[in-house]
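Encoded as structure tokens, the structure appears first; notes follow it.
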Amino acid sequence: MLRSAIAALAFAGLALPAFASYTFETAEPVSQKRVIAESVVWTCDGSVCTGDLKRKAPTVRVCKKIAKEVGAVTAFRNTSAELTAEELAECNTAAKK
């Protein structure tokens with residue numbers, strides 16, 4: 001019985017979406033210490049903000065939601081990928097003015 005429970009918990013852990021740590025940087029310092037965008041609470045220090053997303057790679061769609069809240073984004077990345085200059089330019093079309 002105990003083995004079955006352990007096996008079930010291990011399988012459930014594999015089935016859950018993994019969170020990845022993300023960072024975005026802004027052209028100007030962010031005035032708030034915490035920003036909510038894409039249902040994530042981002043912790044900010046100056047122009048650098050970090051948060052955890054259930055995504056494997058950064059997307060322009062998420063970046064636009066961030067830019068709408070904080071203004072121009074100069075970088076959006078996780079440990080394995082980041083947006084290109086062209087993707088950042090597209091992202092910033094939604095930037096808060």
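Observations on the model:
- Within segment 23-54, the only residue that satisfies the criterion of being farther than 13 Å from Phe76 by Cα, of a type in the set (A, V, I, L, M) and touching a residue at least 40 places away in the same chain (Cβ under 8 Å) is Val30.
- All of (1) under 22 Å from Glu69 (Cα atoms); (2) modelled with pLDDT under 95; (3) of a type in the set (A, V, I, L, M) hold for Val41 with one exception: (2).
Table: residues versus (1) in contact with a Gly (Cβ under 6 Å, 6 or more places away or on another chain); (2) part of a helix (DSSP H, G or I); (3) buried (at least 17 other Cβ atoms within 10 Å of the Cβ); (4) not acidic (Asp, Glu).
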position: Ile36; (1), (2), (3), (4): no, no, no, yes
position: Thr43; (1), (2), (3), (4): no, no, no, yes
position: Cys49; (1), (2), (3), (4): no, no, yes, yes
position: Asp52; (1), (2), (3), (4): no, no, no, no
position: Pro58; (1), (2), (3), (4): no, no, yes, yes
position: Arg61; (1), (2), (3), (4): no, yes, no, yes
position: Lys64; (1), (2), (3), (4): no, yes, yes, yes
position: Phe76; (1), (2), (3), (4): no, no, yes, yes
position: Leu88; (1), (2), (3), (4): no, yes, yes, yes
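- Enumeration of residues in segment 65-87 that are farther than 15 Å from Ser21 by Cα and charged (D, E, K, R): Lys65, Lys68, Glu69, Glu86, Glu87
The values are calculated or read from the model by the stated rules, or taken from the named source; none is laboratory data. Small disclaimer: the values here were computed from a predicted structure and weren't measured. With ideal geometry, Cβ positions are generated from the backbone for all residues, glycine too; neighbour counts draw on all protein chains shown.
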